[in-house]
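Engineer: Take a look at the following structure, please.
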């Protein structure tokens with residue numbers, strides 16, 4: 001089991017890796033559709049930001065000792081569902097595809113920093129206690145932080161870096 005500072009340090013390191021990678025790429029490279037999923041890096045960052053909103057809602061609920069208030073998503077899509085996320089991901093793409101890179105980047109960056117800040121504000125005992133918040137149904141807020149780390153790193157950064165390396169493109173987040 002990780003402690004609060006270990007988890008936050010992992011997330012800070014992940015943020016730094018993303019920042020390093022994104023700063024090494026031109027806006028054209030970021031916006032170019034070329035990944036194996038036929039999405040751009042910009043699309044991937046918009047995706048991370050959209051899902052990040054769910055985690056931020058949970059952290060802020062803990063800070064305010066209330067139920068989470070999730071962002072407004074279409075009524076048929078439940079961001080807290082265990083259903084396959086394909087429909088949600090398609091909606092995220094359609095909602096964000098026309099946004100500028102600077103807007104997508106700012107949203108993601110500000111959200112990530114807010115997520116870290118909220119993690120720092122929550123006492124470690126509350127963060128690590130799986131029974132502390134009934135709306136987490138037996139999970140702890142540490143699980144929320146670790147899940148975000150896994151989604152950013154395992155699900156998105158590692159495959160992106162492998163693809164960039166395999167295709168002879170820069171690998172700025174090593």
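Engineer: Calculate the length of the line joining the C-alpha centroid of the range 1-38 to that of the range 51-126, in whole Å.
Structural biologist: For the range 1-38 versus the range 51-126, the Cα centre distance is 16 Å.
Engineer: Sticking with this one: Using only Cα atoms, tell me the angle between helix 141-152 and the longest principal axis of the chain; keep it within 0 to 90° and round to the nearest 10.
Structural biologist: The angle comes out at about 10 degrees.
Engineer: Can you tell me how the range 85-130 classifies by the Cα gyration tensor, rounded, prolate or oblate, using a/c under 1.5 as the rounded cut?
Structural biologist: In terms of gyration-tensor shape, oblate.
Engineer: What ranking, highest mean first, results for peptides 55-62, 152-159 when packing means the other Cβ atoms within 10 Å averaged over each residue?
Structural biologist: Top to bottom by mean Cβ count within 10 Å: 55-62, 152-159.
Engineer: Separation between the residue 24 and residue 93 pseudo-spin-labels, each 7 Å from Cα along Cα→Cβ, expressed in nm?
Structural biologist: According to this spin-label approximation, the distance is 2.7 nm.
Engineer: If I stretch the segment between residue 163 and residue 70 completely, what's the gain in nm (0.36 nm per residue apart, minus their alpha carbon distance), one decimal?
Structural biologist: Extra length available between residue 163 and residue 70 comes to 30.2 nm.
Engineer: Under 20 Å from the 7 Å Cα→Cβ point of residue 2, by amide nitrogen: which residues of the range 102-127?
Structural biologist: Label zone hits: 109-127.
Engineer: Just need the relative contact order of the range 4-136 here, percent rounded to a whole number, with Cα pairs under 8 Å and 6+ apart.
Structural biologist: 31
Engineer: OK, next. For the pair residue 103 and residue 143, how long in nm is the line joining their label points, each one 7 Å along Cα→Cβ?
Structural biologist: Here the modelled spin labels are 3.6 nm apart.
Engineer: Same structure, new question: Of the peptides 98-109, 63-74, how do they stack up when ordered by the mean number of other Cβ atoms within 10 Å, highest first?
Structural biologist: So the peptides 98-109, 63-74, ranked by packing, come out 98-109, 63-74.
Engineer: Can you give me the angle between helix 101-121 and the longest principal axis of the chain, using Cα atoms only, in degrees from 0 to 90, rounded to the nearest 10?
Structural biologist: Between the helix axis and the principal axis of the chain, the angle is about 30 degrees.
Each value in this text was obtained by applying a stated rule to the coordinates, not by laboratory testing. None of the values given here were measured: they were computed from a predicted structure. No Cβ is skipped: glycine too gets one built from the backbone with ideal geometry, and neighbour counts run over all protein chains shown.
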